[in-house]
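Read the structure below first, then the notes.
The values are calculated or read from the model by the stated rules, or taken from the named source; none is laboratory data. Bear in mind that the values here come from a model prediction, so they are computed numbers and not experimental data. Using ideal geometry, Cβ is built from the backbone for each residue, glycine included, and neighbour counts are taken over all protein chains shown. Protein only, heavy atoms only, side chains kept; ligands, DNA and RNA dropped before computing areas. Shrake-Rupley method; radii C 1.70, N 1.55, O 1.52, S 1.80 Å.
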Amino acid sequence: MAIRKAKGVSRRGVLKGAAAVTALSAVPTGWAIAQKRPLKIGLMLPYSGTYAKLGENITYGVEMVIAEKGGKLGGREVELIKLDDESKPELAPQNADRLVKRDQVDVLIGTVHSGVQMGIHRVVRESGTLTIIPNAGNVAITRELCARNVYRASFSNWQPAYGIGLAAGKKGYKRGIWVSWDYAAGVESCEGFKQGLEEQGGTFVDFLKLPFPQTNFQPLLAQIPGLEVDIVGAFFAGGGAVQFVKEYAAAGLKAPLCGNGFLTEGTLQAQGEAAEGIETALHYGDGLDNPKNIAFRKAFLEKAGREADVYAVQGYDSAQLLAIGLEAVNGDIEDEENLHKALENAKIDSPRGPMAMSPSHEVIHNMYLRKVTNGQNKVIGIAAEQLADPGTGCKMT
Ligand code: BEZ
């Protein structure tokens, strides 16, 4: 496996031409594939800023699958091209263009931030580049803007938040608010929480928000006592989540804090005592005792020198999904019909448990209920079993 950093003519036409030559020459497929150049995979992820650790763990997860398969996917050598998207939506179209047009990647794996994902989406819907999303959950991507060449291996912003809303309502909480950054991930997770809570008879009271990636939480925390709520839900991730959980604990508020699982994911060591007892819903939990997870966590610790988290799992599953597609076509990524058939029907043995693709290319998976116990996100139940995003408005072409 070769790795290089991105330095930037739609490749689609060039590839289509190459495929046509191969078809005409009637050369046996196996021979033709063996002659193929390495498959270029662009990793467009945050390697700096508040989501830097998320990008790193996704990368480790991708690299683990490639290593397990001897450096090849579908029998083809792999070249990784890494690009730091800085979680900056305004840079996203030009960054995605660099990978697709200048570097001519065959596959794009990216990204973490929902706003950046929209920038990538505009580019790859046009170029047709096979794209696998290893985190960003913005719902439009697998709803009204769904695209044949775009798959998500992570979650939709609605799923975990709906799970924790349901769980909070079932526990008897009556009045809840949501606190988060004011961008797609925050807004859409707020909608999920509200829906889950209301379905269980609760009342959604307010959405307190601040711009991404600001961490001036005190004015928001100061409003909470006046809202007379009995549960506070939140979406923050990475460095922002560490700070929010600490400040929430220090504020001594009456209402317990809950959230979608990103609030306590990959952050527990830094959050310390402040995180103990927080309940969240997510498609992963530290102690899941399926054989795949046990082996995955051991291998991740050996590779990264730190414990695995959901981001590592999503990177791993993005590459597992890609491997399934490429293996079905013996590395011939131009065989789009068979490639997509394999991707759409993929059943993945994930560290998160069973995972399948919905018709809108979204993940169907369990939403686990977790509670922070002795510094771990312990699974204490299932908030929603094999949950599919509604995929509203998706017309797959
Ligand atoms: C998002 O922007 O979609 C996102 C970022 C971090 C964690 C979860 C979701």
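Only Lys, Arg, Asp and Glu carry charge here, each on its Cβ (+1 for the first two, -1 for the last two); on that basis region 68-201 has a dipole of about 360 debye about its Cα centre.
Cα centroids of region 103-120 and region 156-227: how far apart, whole angstrom? Each part's Cα centre sits 27 Å from the other's. Projecting the Cα atoms of 121, 52, 135 onto the charge dipole of region 26-154 (Cβ charges, centred on the Cα centre) puts 121 farthest toward the positive pole.
Solvent-accessible area assigned to carbon and sulfur over the chain amounts to 53 percent, based on a 1.4 Å probe. Each of 150, 241, 274 was scored by the projection of its Cα onto the charge dipole of the chain, and the greatest displacement toward the positive side belongs to 150; charges sit on the C-beta of Lys, Arg, Asp and Glu. Remark: region 152-275 carries a charge dipole of roughly 160 debye about the Cα centre, counting +1 on each Lys and Arg Cβ and -1 on each Asp and Glu Cβ.
DSSP loop trypsin sites (Lys or Arg not before Pro) in region 318-397 with at most 13 other Cβ atoms within 10 Å of their Cβ, which ones?
Passing sites in region 318-397 are 395.
Per residue, the accessible area of region 218-301 comes to 38 Å², computed with a 1.4 Å probe over protein heavy atoms only.
What is the dipole size for the chain, taken about its Cα centre, with +1 at each Lys and Arg Cβ and -1 at each Asp and Glu Cβ, in debye to the nearest 20?
On the way: 43 positive and 44 negative charges, 140 e Å.
Here the chain has a charge dipole of around 680 debye.
State whether region 46-120 is rounded, prolate or oblate according to the following rule on the C-alpha gyration tensor (a ≥ b ≥ c being the square roots of its eigenvalues): a/c under 1.5 gives rounded; otherwise a/b larger than b/c gives prolate, and the remaining case gives oblate. Here region 46-120 falls in the oblate category.
Of the residues 162, 172, 184, the one whose Cα sits farthest toward the positive end of the charge dipole of region 150-196, with +1 on the Cβ of Lys and Arg and -1 on the Cβ of Asp and Glu, is 172.
Beyond 18 Å between alpha-carbons counts as too far, so tell me which of 36/341; 246/303; 40/101; 246/371; 194/371 fall in that bin. Kindly include the intermediate steps, with their values, before the conclusion.
On the way: 36/341 22 Å; 246/303 29 Å; 40/101 12 Å; 246/371 16 Å; 194/371 20 Å.
Where the Cα-Cα span goes over 18 Å, the pairs concerned are 36/341; 246/303; 194/371.
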